[in-house]
Structure formats: C-alpha cells, structure tokens
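These notes are about the structure you will find just below.
The values are calculated or read from the model by the stated rules, or taken from the named source; none is laboratory data. Because the structure is predicted, anything quoted here is derived from the model rather than measured. Here the Cβ positions follow ideal geometry from the backbone for every residue, glycine too, while neighbour counts run over all protein chains shown. All accessible areas refer to the heavy atoms of the entire protein, side chains included, with ligands and DNA or RNA removed. Shrake-Rupley method; radii C 1.70, N 1.55, O 1.52, S 1.80 Å.
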Amino acid sequence: MPDVCLYFQVHQPNRLLPYDFFRIGENATYEDEAMNAEILSKVAENCYLPANRMFKRLIEENEGRFRMALSISGVVIEQLQRYRPDVLESFQQLVATGGVELLAETYYHSLAFVHSNKEFDRQVELHLQMLEEVFSVRPRVFRNTELIYNDAIAAKAETMGFDGVIAEGIEWNLNGQSPNFPYRAPTTARIKTLLRNHGLSDDLGFRIVDPAWSEYPLTPAKFTGWLAECDGDVVNLFMDYETIGEHQSKDTGIFDFWEAMPSAVDEAGLQWVTPSEAVDLYRASREYSSQKLSSWADQERDLSAWMGNVMQQEAIAKVHRLEAEILAANDPELTDIWAKMQTSDHFYWMSTKGGTDGNIHSYFTPYPSPYDAYIYYMNVLADLQIRLRRTATSAECGVRSAE
C-alpha cells in the first residue's frame, strides 16, 4: 500500500485600495491595510489558530507518526508579523514539533519564473532567508506558486540545490500512468517530481462538504479505504490550508474529520510521509515530461487563471516591463512595492471566466468586478512609474551637483 503525503498552502495576498485615476502622482499609499488585517484575523480565528492547535496535538499524540508539510508565502508571514504575531508564534510552535516540513516557494507568491529568471532567483532566495530567520529551517523541496510547473522549472529547481519539486498530476502528461509515484523530468538528473493526486485532493478540498456529492458524507474510514486501494508509492494530498475552518466552516464537521484521520490511517495500515521523506524513500523510475506550463488552478490546469484575458496579459506584462527601472533605481522600498504587485492574486482577481471556475474567482476577489481589479492595479503601476522617474531624476541631479 502507498504512503500518504499531506501538504497545505498558506497564503494571504496584499489587497489594493480603490486606487482611482485622481490618486496617480498624488498618493503613494496603495494597500488596503484595514482589509488585509481584517481578512487575516478572520482566517486566523477560523482556520490558522484552531488548525495549528489541532495538528500540533495530533503530531504529539501520535508520537511523530502523523506528519505533514506547509508552504507559507513570504507575504503572509509579513502580514502575520504586522497584524497577528500570536498566529505566527502558533505556526512556529507547530513547526517546532518536528512533524511539519516547510517547503520553498517564491517569496511574493508570484509568476516570476514565466517572465524573469533573475527576479525568480531573487524571490526564491528571499523566501529561503525568511524561513531561516523565522523558523530556523532550510527547505529541501520546492513548490512553485500555485504548482506552476514544466520541465524547465524542474531543471531550475535542481540547479538551485533542491532534492524535490511538486507539481500537479496532469492527465495528458501522465499518459495513463498513476500520479502516485515519484517521477523525473527529462531535463533533470537527480531531482524528483512529486505529483498531486488531484482527484483525492479535491475530494478533501471541495467535495467533502457538498451534500449533492454521491460520496457524501465522507468519513475518515471511507477515505483511508480509498487510499489503501491506490497503486503506487505515495499518494500526494495537496490543498489550501484555509479549506479547514474558513472555506469549510467548523459546523460542517471538518475539524472532526481531520481529528480522526491519523487514527484512520494507522488502522488502514498506511503511514504518513513528508515530501522530503518521499524523495528519500522512493526511486524516480518513471519520466514525467511537461513541456507546457501547468498549474493546479481551474479546469484547464494551465495559466489561464492569471493570464487568460487581455486585461490580465496587459497587467502582468506592464509590471515586468518595470524591472529595468526598478533595478536602476536601487531603492529597497520601491523594489518591495514592485515585487508585491507581482503576487499572482492580483491577476487572478481580473479573471472573467464563467461557470464553476468563475464562481471560485468571484468568491476570492475583494473587488466589485474584474474590471475594478484591473483599473486599481494599472493606476498603482502608473503611480509607481512616476515615483521611479522622480527617483531617477533626483539621483541624476545629485550626480550633477557632486560634479
């Protein structure tokens, strides 16, 4: 029977003020601090604090047999430091149990790899530094933003020294094979790719609380029975941490479900492993080739969640065109603002998809419409450009005065 690998994404973006045309050049405050603090505290009370307490207790009660992994973005750590240090301390206590592996990602939860190799390197290094400072941990496994992946990303992660990289198990890349094995990209020699089992992951992330689902209600015993019947070496269950208590409220019984999972896994004769343990335990005897970029988002499992319409494409192109000016300015504050504008959520909120995917995009957006998300975003970039040019002019004047 396969092992079970559980990983959660922890991320909260920085949301923008309703930044209209008349603020450009006049107001350098971009973020809605009140909204950021309010949403973070709501999610903390519903999810982070109770889930951290629960998993800490489960790790201790099961004497390390229950293990899991977290990928915590740099921007959410910043928010926790600013608004809820008590919640950050609860994450530190959870990690200190020794039963939680932390994964590396881009600090700003960005699409940097798609647009700038240099900026991607900088953001990954910033994230590694942050994890060392806050948790005294240096990750061995890399997980790109929203599981964005292709062969080139696997090769890049290998050159950066990682032992494993996480991706979505895409049917058209698997060609009938199971996602429940460690794989190797054709562009790599050593690093192993762990693939998310999206069917079983989505059962826990979405369908578990749906009364219309044919398998409702899902019990831990039933679910671990499914796991025991899987082929392969390791079943990778990856999802948002916020599904516990926030997207799936306490009154659905979601905490009761997770409370019972470690015992159910034991009784089924299965064991938990972390991503790095899976990498160490199993050979990558199979090849997984992904020439096109994939992700875990929307039905398409591609980049259309962030780059599927003209507004998104124009916005993401404009922010990355500023890279040369940002580097020339050499101003840490402006660089940080520019990097935060790369956070993938900004483009996600501009999506105009319909159907189920459109409903999910609408659920997460803080703005009245995708068009508003686009307008606020582009106005902020316009103001940032003005500030960059003022900085460049001041520096030039300073040089002339010195001469």
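At a Förster distance of 30 Å, what's the computed FRET efficiency of GLU61 paired with GLU229, Cβ-Cβ distance as r, to 0.05?
The value I calculate is 0.65.
In nm, what is the difference between 0.36 nm times the number of residues separating SER41 and GLU133 and their Cα-Cα distance?
Working it through step by step, the gained length comes to 30.8 nm.
So how long is each side of the range 254-403 along the principal axes, counting just the alpha-carbon atoms, biggest first, in Å?
Projected onto the principal axes, the Cα atoms of the range 254-403 cover 77, 40, 36 Å.
Starting from the Kirkwood radius over alpha-carbon pairs of the range 29-159, derive D by Stokes-Einstein at 10 °C in a medium of 1.306 mPa s and give it in µm² s⁻¹.
Diffusion coefficient, whole number: 100 µm²/s.
Which three lengths, in whole Å and largest first, does the chain cover when its Cα atoms are put on their principal axes?
Principal-axis extents of the chain (Cα, largest first): 76, 47, 41 Å.
Whose amide H sits under 5 Å from the amide H of LEU103, counting only residues 5 or more places off or on another chain, with H placed in the peptide plane?
Here the answer is LEU70, SER71, ILE72, since their amide H atoms fall under 5 Å of that of LEU103.
Can you divide the C-alpha Rg of the range 252-342 by 2.2 N^0.38 Å and report the result to two decimal places?
1.78
Among VAL124, ILE148, GLY161, flag the residue with its Cα farthest along the positive direction of the charge dipole of the range 28-163, charges on Cβ as +1 for Lys/Arg and -1 for Asp/Glu.
So the residue we want is GLY161.
In the range 214-282, if the dipole is taken from +1 on Lys/Arg beta carbons and -1 on Asp/Glu beta carbons about the Cα centre, which of SER214, GLY225, MET239 is farthest to the positive end?
Looking along the dipole axis, the top candidate is SER214.
Which residue, ILE360, VAL75, PHE113, has the largest displacement toward the positive end of the dipole of the chain when charges sit on each Cβ (Lys, Arg +1; Asp, Glu -1)?
The one lying farthest along the dipole's positive direction is PHE113.
Rounded to the nearest 10 Å², what accessible area does TYR149 show when all protein chains are kept and the probe is 1.4 Å?
0
With the full set of protein chains in place, find how many percent of the accessible area of the range 303-389 is carbon and sulfur; take the probe as 1.4 Å.
Carbon-and-sulfur percentage of accessible area, whole number: 56.
Let me spell out the model: positive unit charges on the Cβ of Lys and Arg, negative unit charges on the Cβ of Asp and Glu, origin at the Cα centre of the chain. What dipole size does that give, in debye rounded to 20?
680
Percentage of Cα-Cα pair distances in the range 1-75 greater than 19 Å, rounded to whole percent?
So the portion of pairs separated by more than 19 Å is 56 percent.
How high is the FRET efficiency from GLU259 to ASN27, r the C-beta distance, R0 41 Å, rounded to 0.05?
E(calc), rounded to 0.05, equals 0.30.
Between helix 370-402 and the chain, what is the angle of the helix's C-alpha long axis to the longest principal axis, kept within 0 to 90° and rounded to the nearest 10?
50
Starting from the Kirkwood radius over alpha-carbon pairs of the range 198-269, derive D by Stokes-Einstein at 4 °C in a medium of 1.567 mPa s and give it in µm² s⁻¹.
Once the numbers are plugged in, D ends up at 102 µm²/s.
If you bin the C-alpha pair distances of the range 281-334 every 10 Å from 0, what whole percents do you get?
18, 26, 26, 20, 9
If we count every other residue with Cβ under 10 angstrom of ALA154's Cβ, Lys/Arg +1 and Asp/Glu -1, where does the sum land?
Here the charged neighbours net out to +1.
I'd like the FRET efficiency for SER362 and THR393, computed as 1/(1 + (r/R0)^6) with the beta carbon distance as r and R0 of 41 Å, rounded to 0.05.
My answer for the efficiency is 0.45.
Tilt of helix 310-321 relative to the longest C-alpha principal axis of the chain, in degrees (0 to 90, nearest 10)?
So the helix axis and the longest Cα principal axis differ by about 70 degrees.
Could you provide, to the nearest whole Å², the per residue accessible area of the chain with probe 1.4 Å?
Result: 41 Å² per residue.
Before rounding to the nearest 500, sum -39500 (n - 2.57) across all DSSP H runs of length at least 4 in the chain and divide by the residue total; then give [θ] at 222 nm in deg cm²/dmol.
-15000 deg cm²/dmol
Tabulate in residue order the Karplus-calculated ³J(HN,Hα) for the range 222-238, using 6.51 cos²θ - 1.76 cosθ + 1.60 with θ = phi - 60°, rounded to whole Hz; enter x for Gly and Pro.
5, 5, 5, x, 4, 4, 5, 7, 6, 7, x, 9, 8, 9, 9, 9, 10
Subtracting the Cα-Cα distance from 0.36 nm times the residue separation, let me have the gained length for LYS250 to ASN330 in nm, one decimal.
Gain on stretching LYS250 to ASN330: 24.1 nm.
Can you list residues from other chains, or at least 5 along the same chain, whose modelled amide H is less than 5 Å from the amide H of GLY169?
When sequence neighbours closer than 5 places are left aside, the close amide H contacts are ARG196, HIS198.
Apply the Karplus curve 6.51 cos²θ - 1.76 cosθ + 1.60, θ = phi - 60°, to the phi angles in the range 261-268 and return the couplings in whole Hz, x for Gly and Pro.
Rounded to whole hertz, the list is 5, x, 5, 5, 5, 4, 5, 7.
For the range 5-146, what proportion of DSSP beta bridges, expressed in % and rounded to the nearest 5, is antiparallel?
10
Determine how many Å³ per residue the convex hull of the Cα atoms of the range 99-187 encloses.
Looking at the range 99-187, the number lands at 104 Å³ per residue.
Taking only Cα atoms, what is the 0 to 90° angle, nearest 10, from helix 355-364's long axis to the longest principal axis of the chain?
70
List the residues, sorted by chain then number, that are 5 or more residues from VAL235 or on another chain and whose placed amide H is less than 5 Å from its amide H.
ASP3, VAL4, CYS5
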